[in-house]
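These notes are about the structure you will find just below.
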Amino acid sequence: MAVLSVFLLLAPMSSRVGPAAADEKAIRLLAPEALAASGLLKHILPRFSFKTGISVTIATVLDPFGDRSAPAPDEIWIVVRSGGAGALRPALRQFNVFTGIQDGETTEFAAVVLAESPRRQVTAFAEWLVSDVGRRTIAAFKADGTHPFEPAAERIEEEVAEVIPGDARRGEELSLTHCGRCHVINETNRMAGLGSTPSFAALRANAIWLERFQSFFARNPHPAFTQIEGITEPFDISRPPPIVPVEMTIEDLEAILAYVSRIKPADLGAPVRMQ
């Protein structure tokens, strides 16, 4: 086990910036440069934001633990370390979250929180990381052809197919309007999709279809032209979207999920494998 310490610090943005940014559903994530550069955070944070409605901004630091100050009630650390518990301050508790490869060595990552419960929007991140959805998200992260991070949990169970509650009729309309430009949604636009783009029925046949639809806006090529209100960052003014933007709310996406959950998966023979 490598001797390594990496720390993440989450705190509500209202405690770090001025009143204009006082948003109870926004938190700021302080992360070491090496972990931020791994791509894991950019992979998991949009999914977390969608599931919880809590937006997260990232700031990189060399050593957020260096000032040796105790965490406030509204802060949480995620710690990657291989050493004794002596580095932890009183009134803290920790639990394993995932393992990762650093310089060829496997290192354990643990969430560290105050024994007394901090604010809900802060603890939500730690709770999501060890949830079934969070563990699947960590396990799905891929870099350079490998999966460098593994959730520290029992075996990840296959997601049970379910019908998602919501306005499926509106979801169908939104799917045809926003997604029908590239995807075949149903018989309505059967001849309108792009040949290189899978249909919704084919996507629905994937074992992890729900996670992929929930996070579609973070998957290429969608970030270049998709905006989810309160979730995605504004477009870079120097790089305008190449097509008419897809703009929707979380409620719109939930309606689409409700519709897709009712689609009969395409019979494609062997299980669909998405790259």
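The values are calculated or read from the model by the stated rules, or taken from the named source; none is laboratory data. The model shown is predicted, which means the values in this text are computed figures rather than measured ones. Every residue, glycine as well, gets a Cβ built from its backbone with ideal geometry; the counts of neighbours run over all protein chains shown. For accessibility, only protein heavy atoms count, side chains too; no ligands or nucleic acids. Shrake-Rupley method; radii C 1.70, N 1.55, O 1.52, S 1.80 Å.
For region 217-236, enumerate the residues that are open to solvent by less than 50 Å² (accessible area, probe 1.4 Å), part of a loop (DSSP other than H, G, I, E, B), touching a residue at least 60 places away in the same chain (Cβ under 8 Å) and not hydroxyl-bearing (Ser, Thr, Tyr).
Scanning region 217-236 gives a single hit, ILE231.
Could you tell me whether any residue of region 140-152 is closer than 16 Å to PHE50 by Cβ, outside any helix (DSSP H, G or I), at pLDDT 75 or above and open to solvent by 30 Å² or more (accessible area, probe 1.4 Å)?
Checked region 140-152: no residue is closer than 16 Å to PHE50 by Cβ, outside any helix (DSSP H, G or I), at pLDDT 75 or above and open to solvent by 30 Å² or more (accessible area, probe 1.4 Å).
Please enumerate the residues belonging to region 257-275 that are in a loop (DSSP other than H, G, I, E, B) and either modelled with pLDDT of 90 or more or open to solvent by 100 Å² or more (accessible area, probe 1.4 Å) (or both).
SER261, ARG262, ILE263, LYS264, ASP267, PRO271, ARG273, GLN275, listed by residue number.
Given the criterion touching a residue at least 60 places away in the same chain (Cβ under 8 Å) and loosely packed, with under 14 Cβ neighbours inside 10 Å, identify the matching residue among ARG169, ARG190, ARG239.
Residue meeting the stated conditions: ARG169.
Being over 24 Å from GLY39 (Cβ atoms) and in contact with a helix residue (DSSP H, G or I) (Cβ under 6 Å, 6 or more places away or on another chain) is true for just one of ILE237, ILE228, ILE164. Which residue is that?
The conditions single out ILE164.
Looking at region 218-225, is at least one residue of a type in the set (Phe, Trp, Tyr) and under 16 Å from the mean Cα position of the chain (by Cα)?
Looking only at region 218-225, we keep the residues that are of a type in the set (Phe, Trp, Tyr), and these are 225.
Checking the rest, the ones that are also under 16 Å from the mean Cα position of the chain (by Cα) come to none.
No - not one qualifying residue is present in region 218-225.
Touching a Phe, Trp or Tyr at 6+ places or on another chain (Cβ under 9 Å), at pLDDT 70 or above and either in a helix (DSSP H, G or I) or not basic (Lys, Arg) (or both): is that true of VAL97 in this structure?
yes
Being at pLDDT below 90 and crowded, with 18+ Cβ neighbours inside 10 Å is the filter here, so list the residues in region 193-216 that pass it.
Selection gives GLY193, ALA205, ASN206, TRP209, LEU210, GLN214, SER215.
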